[in-house]
Amino acid sequence: MTAAPEALARPGRLRAAQQFLADNPVIVLVGVLAVLFIVTDIVNRRDIGEPFITWNQLSTTLLVAAPLGMIAAGQTLVMLTGGIDLSVALTATAAAFATSWQGGNGEVQGVAAGLAVGLGIGLVNGIGVGIFRVNPLIMTLGTSSVTFGLLSIYAGKPFEKIVPEIVSTLGSDRFFDYLPANLLLWVAVAAILILGLRYTGYGRMLYAVGDNPVAARLAGVRLWQVRVVVYALCGVFSALGGLLLVGFTANPDLGLATPYLLQSVAAVVIGGTSIFGGWGGYSGTIVGVLILTVLGSLLTLLDAEEWQRQVIYGSIIIVLTAIYARVSGTD
Amino acid sequence: MEGAVFRPLRVSCNGMSKQTAALLEARGVAKHYGPVAALRAADLSVAPGEIHALLGANGAGKSTLVKCLSGVIRPDTGTISFGGRAVRARSPMHAARLGLAPVFQDPALVPDLSVTQNLRLTGMPLGRVRAELAAMELSVNFNEQVGDLALPVLRMLDLARALARDPQLLILDEITAALPSDLAERVFAVMRERREKGRSVLFITHRLAEVIAICDRATILRDGRDVGTMVPREGGEARIVEIMLGPEAARAEARAAELSEDDVAVAPDARERPDAVAADAVLELDGLRAGNVQELSLRIAAGEVVGVAALEGQGQDELFEVLAGERKPESGEVRLRGKPFRARHPYDAIRKGVVLVPPDRLLALLPQRSVRENVAAPHYSTPLRWGPINMRDEGRRVRHAVDALQIDMRAARQVRRLSGGNQQKVTIARWLASGFTTLLCNDPTRGVDVGTKRQVYTLLRELAADGAAILFFSSELAEFPLVCDRVLTVYGGRVTAELPGPAADEASLLQAMHGLDLEEAVA
Ligand SMILES: Nc1ncnc2c1ncn2[C@@H]1O[C@H](COP(=O)(O)OP(=O)(O)OP(=O)(O)O)[C@@H](O)[C@H]1O
Ligand SMILES: [Mg+2]
């Protein structure tokens, strides 16, 4: 019961550093990512006899990560408002189908069809959650299920799948050997999101609605407007992710984006965005996406099976949510 | 350190001669949050059977000290002994077992659960809490959701919860800030009762009249250090303010106080021209009914501060809610500058320049966001402003508002880290930054320290002088004559009397607030 007071006196510098890290979790995350890279490198050398940290592997990692980066972008925005979108994976798949279905009618029409499907599903989600106040879990699970039902009709029928040229370039090409084409899109999206969240009125409102909807309302915000827009945006970003995926695989199938639902939530949570909303951002999510991608490579190296991956991703979400809740609750 | 540590009570400067073993003795307690020093080195000693005030300006470290004592946070350094034994409370539960029960500055119950569920959650015996409430002549429906209860009720519930443990030391952090005068009286009665039983109370408040009336001794914090212990009855308010703010600031404050009193005596020239008031009435209410509001009529002119004085639950909250677009009136008419005014959403009211400072600051704040974002928030509510932010313009507006209210920006990164009084100021600052024509202030100075309160009064007078119409409610009756041109007392949802501002002293207000006719009562 008695503790020596001296033992509790921590030097000011250490305390300041602690506070700094708590306020800037991205720095810790980058550290985690670096460690993960090194571990993977060691395992790779041991098992295959080659290093993992090479330009080629880094480039591949980014190429593989970009679709998740897109889908997790939408998920980040939605989760900042305190919601969640469980339809991201099927929205991406539907967009991929739409693109390759319309691909024969020209590139623009193909891409537009994909994005329009994303926007449409997003709007339905937004109207359900924002205007009819359906719980986001239920709403997005519902649209996801409806989308799956409709898609499986099309997937059953043979039709000519033509992935537009620009989509496959964007999804699988590399410039100068090492620069993945989809990285260009990702960097653009990242810049828009990071700056947009900080320096636009809509960004402020996303945080406000997630932090305290009652207060946001009292400040004059009509919550439904913010919510409709955010789910619509999420739909579009998911569609972009779907296009990158189908550009990479060149062959849409019903399971195209399935793993990305859990991973998009995991990336956002790892990135430090609060699942209750109001705190976080896209830079954390980017690191979260990279961590998951490298972890995926490591698990592949270790011959992990799908169920083992699921267990690991699920555990990460649970453990990190608990840790973040502790850190932000007691400072 | 081993075993029990007995320390003599620090003898007060006014020569309390008896040396009693202190019940609580804190020495050199310090707490830093990163670079922010919330508490530098505070000593505090509370004797058995005394009501001890803990005073200090907003951000002085009072709540931080309370959290250290009650085991919510661990102090960086310092020793705490309780009942003669060195202790370090590891959690609020542990503190409670030691005999130390706090009522924190912010309500501590989970809003989505019922009262019963909340009490079960904390392992409180329901019967004891009910008994304590009954002893205070309060009845609370335990099946109701906590989120639906009014803030004063929640505070009394928190008090009952603490009392149910029959603690050696009861700590009350600004409990009276949100209480109307009748409930505050009940809290004082409880405190006196505790003292008679030989138990102690540590009482935090910004209302110095309460300190003089009820506290045996007072410890004053300034900037994270204790700067003196005194007997309030002997020192008087002026002395407390002087120690609290430092001699220089206190002198400036005294000057400001004189000035603002002069102001009030001169300012309301509208009163001399009653026809002028009618001519440019900004807001008019005719026979309004909503919830507890029954047939309420009033008018506010541009440049006028109209006070509404009422006991708890007489309809004042509903009145504010209707005007702010948060509640639909059942009947009656509201006109804004002669045109019918109907706000279905706060947005409608704000667009027409009618803005609200709500009674509960937790309803108005974005706790995880910065002071800047909180203050600027209303500006971006409409989709027309969802584009890029003009950072320079925003910075200027926010700085202006922050300066006007002297908000402590040391922990400005997240509003929840601000001290209670500073949070309260943020709720006012946002409307300064975004502009308005009609300001609805429902208890705007809750938890604001004496110095800043004066500034708020002056600010309200200045806003009125610039043409704003202001509706003002306060749970602290002494504020009405300082701020208002006219005061309406409301009882049972109706206006029962109208007093000119300077004549609205506590006694006359109280009478009218209890629904007594003024003349009748005098006769
Ligand atoms: N978690 C935190 N992080 C950073 N600073 C903090 C944190 N909590 C408190 N502070 C700072 O510590 C200081 C003291 O705060 P405290 O709440 O103890 O003041 P107070 O005396 O209770 O004021 P009030 O009368 O306004 O309630 C303030 O400047 C506040 O900003
Ligand atoms: Mg406080």
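The values are calculated or read from the model by the stated rules, or taken from the named source; none is laboratory data. Model, not experiment: these values are computed from the prediction. Glycine gets a Cβ as well: all are built from the backbone with ideal geometry, and neighbour counts include every protein chain shown. What goes into the accessible areas is simple: the full protein's heavy atoms, side chains included, and nothing from ligands, DNA or RNA. Shrake-Rupley method; radii C 1.70, N 1.55, O 1.52, S 1.80 Å.
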Checking A:284, A:82, A:220 against a Gaussian network model of chain A (alpha-carbon springs below 10 Å), the top fluctuating residue turns out to be A:220
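If you rank B:144, B:137 by how much accessible surface each has, with a 1.4 Å probe, what is the order from largest down?
B:137, B:144
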Whole angstrom only: what separates the Cα centroid of the range A:167-188 from the Cα centroid of the range B:115-154? 61 Å
As a test question: what accessible area, to the nearest 10 Å², does residue B:81 have when a 1.4 Å probe is rolled over all protein chains in place? 10 Å²
Normalising by the residue count of chain B, find the relative contact order in percent from Cα pairs under 8 Å and 6+ residues apart. 15 percent
Considering only B:309, B:294, B:355, whose Cα is most displaced toward the positive end of the charge dipole of the range B:289-372, charges sitting on Cβ of Lys, Arg (+1) and Asp, Glu (-1)? B:355
Apply the a/c threshold of 1.5 to the C-alpha gyration tensor of the range A:110-221 and tell me whether it is rounded, prolate or oblate. oblate
When DSSP assigns beta bridges and you keep just the ones with both residues in chain B, what percent turn out antiparallel, to the nearest 5? 55 percent
Towards the positive end of the charge dipole of chain B, with charges on Cβ (+1 Lys, Arg; -1 Asp, Glu), say which of B:146, B:92, B:325 has the farthest Cα. B:92
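May I ask for the net charge around residue B:386, where only other residues with Cβ less than 15 Å from the Cβ of residue B:386 are counted and Lys, Arg are +1 while Asp, Glu are -1?
+3
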Once phi is turned into θ = phi - 60°, what whole-Hz ³J(HN,Hα) does the Karplus curve with 6.51, -1.76 and 1.60 give for every residue of the range A:56-64, x standing for Gly and Pro? 4, 5, 4, 4, 4, 4, 5, 4, 6
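Rank A:157, B:425, B:67, B:31 by accessible area, highest first, at a 1.4 Å probe radius?
The residues order as A:157, B:67, B:31, B:425, largest area first.
Per residue of B:359-365, how many C-beta atoms from partner chains lie within 10 Å of its own C-beta, taken as a mean?
Mean shielding count: 3.
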Distance between Cα centroids, the range B:417-442 to the range A:248-300: provide it in whole Å. 40 Å
Roughly speaking, to the nearest percent, how much of chain B's 1.4 Å accessible area is carbon and sulfur? 50 percent
When all protein chains stay in place, what accessible area (Å², nearest 10, 1.4 Å probe) is found for residue B:148? 110 Å²
Across peptide B:80-89, what mean number of C-beta atoms from other chains lies inside 10 Å of a residue's C-beta? 2
Could you give the size of the charge dipole of chain B about its Cα centre, using +1 on the Cβ of each K and R and -1 on the Cβ of each D and E, expressed in debye and rounded to the nearest 20? 2660 debye
Under a 1.4 angstrom probe, counting protein chains only, how are B:234, B:304, A:107 ranked by accessible area, largest first? B:234, A:107, B:304
With n ≥ 4 as the cut-off for DSSP H runs, can you work out [θ] at 222 nm for the protein assembly as shown, using -39500 (n - 2.57) per run divided by the number of residues, rounded to the nearest 500? -16500 deg cm²/dmol
Magnitude of the charge dipole, the protein assembly as shown, Cβ model with Lys/Arg +1 and Asp/Glu -1, debye to 20: 1820 debye
Local net charge near residue A:207, Cβ-Cβ under 11 Å (Lys/Arg +1, Asp/Glu -1): +1
Of all DSSP beta bridges in the protein assembly as shown, antiparallel share, percent nearest 5: 55 percent
Report the Cα centroid-to-centroid distance between the range B:450-498 and the range B:320-340 in angstrom, as an integer. 20 Å
So, taking all protein chains as they sit and a 1.4 Å probe, how much accessible area belongs to residue A:248, in Å² rounded to tens? 100 Å²
Sequence-separation-based contact order of chain A, relative, with Cα cut under 8 Å and 6+ spacing, percent: 30 percent
Nearest 5 is fine: what % of DSSP beta bridges in the range B:398-523 come out antiparallel, could you say? 55 percent
What are the aspartates and glutamates whose alpha-carbon lies under 16 Å from the alpha-carbon of residue B:31, with same-chain residues fewer than 8 places away excluded? A:6, A:331, B:43, B:76, B:223, B:226
Return the value, in Å² to the nearest 100, of accessible area buried between chains B and A (probe 1.4 Å, both sides summed). 4100 Å²
Filter B:62/B:453; B:67/B:425; B:62/B:197; B:62/B:425; B:328/B:453 down to the pairs with a C-alpha to C-alpha distance above 28 Å, please. B:328/B:453
Report the net charge of residues surrounding residue B:147, where surrounding means a beta-carbon distance below 12 angstrom and charges are Lys +1, Arg +1, Asp -1, Glu -1. -4
Across A:196-204, the residue-averaged tally of Cβ atoms belonging to other chains within 10 Å stands at 6
